[in-house]
Structure formats: C-alpha cells, structure tokens
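Data first, discussion second: the structure below is written as structure tokens.
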Amino acid sequence: MGKRILIFVSFLYFSNGAWAQHHELSENFAEAGVMYGMASYQGDIAPDVQVYYRSYGAFVKKQLNNYVGIRLNVEMQKLAAHDMLSSDPYSIARNANFLINTLDFSAMGEFYFLNYIAGSRNKKFTPYVGMGVGYLLTLETIRNNNTSVVPADNATTKSDLPLTFPINFGLKYNIYHQFNIFGEAMYRFTNTDNLDFLNANSTPPTFDAPLGYQGSRSGNDRFFSAKIGISYTFNTIYGIEQNKGQQNRSLLNRIRRK
C-alpha cells in the first residue's frame, strides 16, 4: 500500500513539472500601440468609387485574460468623395463632393481566437475580432459651394451626437520580447446620414434638374480603414523560462548530493 502511495505522489510531482514546462501564464498590465493606414468613405456621393486617404491612430488596451480585452482607440482620418469620379450619369450630373478631417474615439471589446502571450516562445500569433462604439468629431470641413447639392432644408449640420459602431478583424504576431506587429481592417457604421452633407431630402430645383436631385439613397453613411501597426505589451510571464531555471538548479543539487 505504501509503495502505491509513493508511486501516486511521484506521478503527481512529475505531472506538475511537465505541466509547468509546457504552459505559460501571463499577468497582463496593459498594451499600447500606434497604427497607420488608409481610410475610405462609403455613402451617397460616388457610391461606386473608393477614394482612400491616410489614417493615423493609437490605442491602449487592458487584457482581461489570454483571450478577451478592452481597447480604447483614437484615430484621425480624412474622408472625401466626388460625384465627378463616378461612372453613374446621375451622380455626375449631381456633381456633389465633400472633404472632411475627422477624429474618432472608440471603446471596443476584443477577442483573440488563439491563446496569445506577448514574449512567449510558442503563443506568438493569433487572429482577433472586435466591436464597440465611438464618437466622431469633425475637425475641419471643406465642401462644394455649388447650390445644386445643398439639401432642400439647407441642413449643413451633422448629428448632435455622431456615433460610430466599429467592427474589426486583425492578425497579431509577437516579434521580439513584448513587441508585437499587427494588421487589421475596420468597418465603421454611423448613426448619421449627413457625414457627406447629403441627407434623405431632395436638392432644390435647378435648370439642369427641374425636380432637384435625390440627396441620399443609401441610408446612414459608413467608412472603412485598413491599418498596420506596432504595439508593446506590459506583462509578466510565468512558466517555461522560470521553471527551466528551477529544474536546472534542482538537477544540479541532485548531482552534488550524489
């Protein structure tokens, strides 16, 4: 009986050692990063053409565990479109255009598909998805003065609270210690149809368009961005490296005792 107990205790000891060798735990304090890419508006003006402008951003993130985190973003992007770039005769005749500089603040929940630990030997890559809510601030507005594109109610203001609803998909890879690189695509829905200054109303009648032009036919405006970036994770890893040192010291002590 005593021999069986000794065998069982030995099994637990060596099983625990094997588990420690092949599992890593991470205490994650925060992650911070910067990103650069291109952004494109999608709405009523030239809907068949994608015009891309540069986008810059930064984020901070708190990882709740190895899979789920909360991320705060700030991104600056220029959004623009011009009917004259369209192949649609209706859009060309309307000749609407706009150009704005925006700043988007958002909070997102983010989910890793794989167990990811920055600085790990093996858990160095994961795809991820995220979604959340944001606030869109217009920094500067440049728009067409052609009165044929002014809505009938002369509305030139955006929503009182222009919200965005971002959804993103990305890939992340740990390149060196706590440094990571990533690439992601983000699609933002909005709660406003006036991002391009065209709402659902028709424009005033003109000589070329006695009935006016229909302002919006596509619902609320949206915009898309694709980015690459680099981030740094503030974390502490418990696992392979620490246990390796302990095992080496334990083995050395056994040799000395012999």
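The values are calculated or read from the model by the stated rules, or taken from the named source; none is laboratory data. Note that the structure is predicted; figures quoted are calculated from it, not measured. Glycine gets a Cβ as well: all are built from the backbone with ideal geometry, and neighbour counts include every protein chain shown.
So for the stretch 69-81 (the condition being modelled with pLDDT of 95 or more, small (Gly, Ala, Ser) and surrounded by 12 or more Cβ atoms within 10 Å (Cβ to Cβ)), does at least one residue qualify?
Among the residues of the stretch 69-81, at least one is modelled with pLDDT of 95 or more, small (Gly, Ala, Ser) and surrounded by 12 or more Cβ atoms within 10 Å (Cβ to Cβ), which makes the answer yes.
Might you check whether a residue that is at pLDDT 95 or above, surrounded by 13 or more Cβ atoms within 10 Å (Cβ to Cβ), in a strand (DSSP E or B) and out of contact with any Ser or Thr (no Cβ under 6 Å at 6 or more places or on another chain) occurs anywhere in the stretch 154-165?
Scanning the stretch 154-165 turns up at least one residue that is at pLDDT 95 or above, surrounded by 13 or more Cβ atoms within 10 Å (Cβ to Cβ), in a strand (DSSP E or B) and out of contact with any Ser or Thr (no Cβ under 6 Å at 6 or more places or on another chain).
Just checking, how many residues over the stretch 102-121 are surrounded by fewer than 18 Cβ atoms within 10 Å (Cβ to Cβ) and either at pLDDT 95 or above or aromatic (Phe, Trp, Tyr) (or both)?
Filtering the stretch 102-121 down to residues surrounded by fewer than 18 Cβ atoms within 10 Å (Cβ to Cβ) leaves 103, 105, 107, 109, 111, 113-115, 121.
Of the ones still in play, those that are also either at pLDDT 95 or above or aromatic (Phe, Trp, Tyr) (or both) are 103, 105, 107, 109, 111, 113-114.
Matching residues across the stretch 102-121 total 7.
Of all residues being under 18 Å from PRO166 (Cβ atoms) and touching a Lys or Arg at 6+ places or on another chain (Cβ under 7 Å) in the stretch 40-53, which is surrounded by the most Cβ atoms within 10 Å (Cβ to Cβ)? Just the residue, please.
Step by step, filter the stretch 40-53, then rank; the result is GLY43.
Checking ALA107 against (1) among the aliphatic types (A, V, I, L, M); (2) in contact with a Ser or Thr (Cβ under 7 Å, 6 or more places away or on another chain); (3) in a strand (DSSP E or B), which test does it fail?
(2)
Could you please let me know if SER10 is exposed (fewer than 11 other Cβ atoms within 10 Å of the Cβ), hydroxyl-bearing (Ser, Thr, Tyr) and either at pLDDT 90 or above or in a helix (DSSP H, G or I) (or both)?
yes
Conditions (1) outside any strand (DSSP E or B); (2) within 30 Å of PHE197 (Cβ to Cβ), marked per residue:
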| residue | (1), (2) |
| --- | --- |
| GLU27 | no, no |
| GLY37 | no, yes |
| ASP48 | yes, yes |
| SER120 | yes, no |
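Counting only residues that are outside any strand (DSSP E or B) and charged (D, E, K, R), which one in the stretch 56-104 is nearest to PHE234 (Cα to Cα)? Explain how you work it out, then say what you get.
The initial filter retains those residues of the stretch 56-104 that are outside any strand (DSSP E or B), namely 64-67, 83-96.
Adding the requirement that they be charged (D, E, K, R) leaves 83, 88, 94.
Details: ASP83: 47, ASP88: 51, ARG94: 53 Å.
Residue satisfying both the conditions and the ranking: ASP83.
With the structure loaded, tell me whether ASN194 is in a loop (DSSP other than H, G, I, E, B) and either crowded, with 19+ Cβ neighbours inside 10 Å or modelled with pLDDT of 90 or more (or both) or whether it fails that test. Quick ask: steps written out before the conclusion?
Values: in a loop (DSSP other than H, G, I, E, B): yes; either crowded, with 19+ Cβ neighbours inside 10 Å or modelled with pLDDT of 90 or more (or both): yes.
Yes, satisfied.
Quick one: in the stretch 31-53, of everything that is on the phi < 0 side of the Ramachandran plot and among the aliphatic types (A, V, I, L, M), which residue is modelled with the lowest pLDDT?
The selected residue is ILE45.
Which ones in the stretch 122-137 are surrounded by fewer than 16 Cβ atoms within 10 Å (Cβ to Cβ) and either farther than 16 Å from PHE224 by Cβ or among the aromatic types (Phe, Trp, Tyr) (or both)?
Of everything in the stretch 122-137, those that are surrounded by fewer than 16 Cβ atoms within 10 Å (Cβ to Cβ) and either farther than 16 Å from PHE224 by Cβ or among the aromatic types (Phe, Trp, Tyr) (or both) turn out to be ASN122, PHE125, PRO127, VAL133, TYR135, LEU137.
Please state which of the following conditions LEU85 fails to meet, knowing it meets all the rest: (1) over 25 Å from PRO162 (Cα atoms); (2) free of Cβ contacts under 8 Å to residues at least 60 places away in the same chain; (3) in contact with a strand residue (DSSP E or B) (Cβ under 8 Å, 6 or more places away or on another chain).
Of everything listed in (1) over 25 Å from PRO162 (Cα atoms); (2) free of Cβ contacts under 8 Å to residues at least 60 places away in the same chain; (3) in contact with a strand residue (DSSP E or B) (Cβ under 8 Å, 6 or more places away or on another chain), LEU85 misses just condition (3).
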